[in-house]
Amino acid sequence: MTADHFILAGRKIVKGKASGQAIVTREAISFNGGVDNMTGIVTEPGHELEGQNISGKVLVFSTGKGSTGGSYKIYDMVSRGTAPVAFIQTTPEAITTIGAIIGNIPVVSGFEQDPTLAILNDDFIELDADAGTVSITRTQ
Amino acid sequence: MFLTDEETGMLNGDQGDAVKKAMEILVALGESFGAKRLVPINNVHMAGSSVLVAEEAGTRFVEDIRTQGGTFVTNVTTNPTAVDPTQWKKIGIPESDSVLQTRLTDAYAGMGANTCNTCIPYLVGNTPRFGEHMVWGESSAVVYANSVCGARTNREGGPSGLASALTGRTPEYGFHLTENRYGKFLIKVETPLNDMTDYGTLGCFAGKIAGQDTPVFTGLPASPTLEQVKALSAALASSGAVSMFHAVGVTPEAPTLEAAFGRKEPEQVFVFDLAEKQKVEAFLNKEATDHVDWIQIGCPNASVQEIREVAQALEGKKIHRDITLWVTTAGAMYAMAERMGYIKTIEDAGGVIVRETCPFLARSRVIAPNKGFKTLTTNSAKMAFYAPGQFGLPTHYGNLDRVMQAALDGVWR
C-alpha cells in the first residue's frame, strides 16, 4: 500500500490544529436548516452530502450559507460531540467563521487551488491553521 | 487589526470579562476577514434567540456572559424563539423548550434587549437608516436592511451580535465597505411577478445561483410592496449566502444599472422567465400527493396587511377540520391586527395566530410527529426551501389564494 503525501498552503481563518478524515463537498453548507445538530447528519434535500455524517471529520466545503442561526448550531454540535474537527473552505463566510471561533474549530481557506477538488473523501488531513497548512495523506 | 486605546483596554479586561470575551470574538472575526479596524455601531438584531438554535450550550454561553456582568451598550432587538409563551403546549411545543427558552429570553432581556422575538425588526420599530452601520442577524432581515434600506450589515451570527451589543463595535469588513456593495451578476426578470410568492420564487432562483455574490435585478415593477421585497429578501438569503441585492430603479443604491455594478460589467447574465419560474415552483412543491395538514403563513413574520388578507379569505368561513393553520407574526403586528378585528376573524374560522416563534425556529421535528403532520403547505419560498431539510416535511408551495383554498378544502389543488 503506497501513500501520497502533499501540502496545501492557505491562510488562517480560525486558529488551532486538528486532524482527521476528510469529507468533501463542492457545495455550500447551511448549519441551521441543512444539518441535524443532534447527529451530525446532513439533511438538506438534494445536497451532495445528504444523509452523510460530518461528525469528527475534517469538513471540506465551498463555503457556509443560509440561516444566521448556524453559528450557535456549530457551537452546540461541538458541545455534544457531533461537530467536524476542522473546516477547510474555498471561501470564508461569516456564519461558519463565527461558529468556529466560539466552538474552537480551526479553519483554513484562501488556497491557490480549490480544496474541494484537491482533497478527496477519506484523505487523512493534518491541519495547522496558525501556519495555514493542510497536510494530506492519501493511501492508494 | 488596528485597535484604539479604549478597544485595547476592552480586550485586556479593563471593562470586565464579558467585554473581554466579546472583543476576542470581534478581533478573531475581523482578522479572519482582513478588517483594518473596528467601527462603532448602535443597532443590533440578535440571531441565536431560539433555543432550537442555541440549545443548552448556547443558552449557557449567553447566561455566562450575563453573569460576568454583560450589559448591552447598543439598541438590541431579538429574533424569533422556539416558543409562543401564550400557547406553546396547545400547538405542540415541548415543555423542555419552554423552560430553556425562558432562560435564554431572560438572559437577553436582562442585558437590555428589546425581546420582540421577531424576524421583521424593521416593521416593529428598528428602522435602519441609509448608510447606518449595524450588526444584524436573521438572514432575511440582513438582505432587507442592506438592499431596501441601504443600511450596512454583514450576515451576523448570534455570538457576533452578542459581542457587538456588549461593545458597540463591529469589524469593518464585507458590507460595511462601499467597494463590496456592488452587484456581481445580472438577472433580467422577464415574467410578471404577481404576488409576494412570485418574489420568493425569484429569490430562490437567484439565491441558488448567487453563492455569496450580490445579484442585480432588472425588470422588477417600479413599486413592489414591502411584503414583496420582504419575500424576495428571505428567499435569496436562504438558498444562498447573499447579503444584499440591487433592483434597478427600486432600491436606493441602484438608480441605474451602472451604479448597481459600480460601472463594471456583470460577471454573468441570467434570465428569469416563465420556464425558470415554473422550474423553481416545481422544486419547492415536492409533495406528490394532495395531502394537506399543517399550513403556515408568515415567513418572514406576517405584516398587518398579510394578516388582513388571511382574514379576508376566512371571513364567515371555517377552516377544514383536518387542517392546522398557523399565521406567524410579531407581537406589534398582532396588536394592530387585533384592533382591526382580523385576529377574531381568523380564530373564529379555526386558525391559530402564533407569536414569537415559527416552524423554522421551533422544534418542528418534535411538533410535527406530536401533531401527526405529514406535509407543510405555505406561500413562503423560504419556508418551502427549508422545511424538508430542517424538519423533514415535504412541501406544497403556492400563492396565498391557493394556500387559503387548501385551508378551506382540506386538500391541495
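The condition (being among the basic types (Lys, Arg) and over 22 Å from the mean Cα position of the chain (by Cα)) is satisfied by just one residue among B:Lys208, B:Lys279: B:Lys279. Counting only residues that are in a helix (DSSP H, G or I) and of a type in the set (Gly, Ala, Ser), the stretch B:224-253 holds 7 of them. Taking the condition closer than 30 Å to B:Thr178 by Cα and touching a Pro at 6+ places or on another chain (Cβ under 9 Å), does B:Leu226 pass? Judged against the criteria, B:Leu226 is not a match. Here B:Ala335, B:Ala349 are screened, and the one residue that is under 14 Å from B:Ala406 (Cα atoms) and free of Cβ contacts under 8 Å to residues at least 40 places away in the same chain is B:Ala349. Return the residues of the stretch B:395-413 that are touching a helix residue (DSSP H, G or I) at 6+ places or on another chain (Cβ under 9 Å), surrounded by fewer than 18 Cβ atoms within 10 Å (Cβ to Cβ) and in a loop (DSSP other than H, G, I, E, B); say none if nothing qualifies. Residues satisfying the conditions are B:Asn399, B:Arg413. Please verify whether the stretch B:21-35 includes one or more residues that are of a type in the set (Phe, Trp, Tyr), in a helix (DSSP H, G or I) and over 22 Å from B:Thr118 (Cβ atoms). Checking the stretch B:21-35: not a single residue is of a type in the set (Phe, Trp, Tyr), in a helix (DSSP H, G or I) and over 22 Å from B:Thr118 (Cβ atoms). Checked against the criterion of being within 14 Å of chain A (Cβ to nearest Cβ) and without any contact (Cβ under 8 Å) to a residue 24 or more places away in the chain, the candidates B:Asp64, B:Asp14, B:Asp106, B:Asp5 yield just one match: B:Asp64.
Taking the criterion of being more than 7 Å from chain B (Cβ to nearest Cβ), of a type in the set (Gly, Ala, Ser) and surrounded by fewer than 22 Cβ atoms within 10 Å (Cβ to Cβ), the residues of the stretch A:27-82 that qualify are A:Gly40, A:Gly46, A:Gly51, A:Ser55, A:Gly56, A:Ser62, A:Gly81. Applying the set (1) within 19 Å of B:Val269 (Cβ to Cβ); (2) crowded, with 24+ Cβ neighbours inside 10 Å; (3) of a type in the set (Lys, Arg) to B:Lys230 leaves exactly one unmet item: (1). Of all residues in the stretch B:363-384, those satisfying the criterion of being within 14 Å of B:Gly298 (Cα to Cα) and within 14 Å of another protein chain (Cβ to nearest Cβ) are B:Leu376, B:Ser380, B:Ala381, B:Lys382, B:Met383, B:Ala384.
Applying a threshold of 8 Å to beta carbon distances and a minimum spacing of six or more residues, or different chains, the list of pairs starting in the stretch B:225-238 at a residue that is more than 15 Å from B:Pro215 (Cβ to Cβ) and ending at one that is surrounded by fewer than 24 Cβ atoms within 10 Å (Cβ to Cβ) and of a type in the set (Ser, Thr, Tyr) reads B:Leu226/B:Ser303; B:Glu227/B:Ser303; B:Lys230/B:Ser303. Note on the stretch B:67-107: residues that are surrounded by 17 or more Cβ atoms within 10 Å (Cβ to Cβ), part of a helix (DSSP H, G or I) and of a type in the set (D, E, K, R) total 1.
Could you please let me know if B:Lys264 is in contact (Cβ under 8 Å) with a residue 60 or more places away in the chain, among the basic types (Lys, Arg) and crowded, with 16+ Cβ neighbours inside 10 Å? Judged against the criteria, B:Lys264 is not a match. When the criteria are applied in full, A:Val107 meets the requirement of being surrounded by 21 or more Cβ atoms within 10 Å (Cβ to Cβ) and either of a type outside the set (Phe, Trp, Tyr) or touching a Leu at 6+ places or on another chain (Cβ under 8 Å) (or both). When the stretch B:124-181 is examined, which residues are found to be more than 14 Å from chain A (Cβ to nearest Cβ) and among the polar types (S, T, N, Q)? Of everything in the stretch B:124-181, those that are more than 14 Å from chain A (Cβ to nearest Cβ) and among the polar types (S, T, N, Q) turn out to be B:Asn126, B:Thr127, B:Ser147, B:Thr167, B:Thr178.
Rule-based calculations on the coordinates, nothing more; no lab input. Please read all numbers here as calculations on a predicted model, not as lab measurements. In this analysis, Cβ positions are derived from the backbone assuming ideal geometry, glycine residues included, and neighbour counts consider all displayed protein chains.
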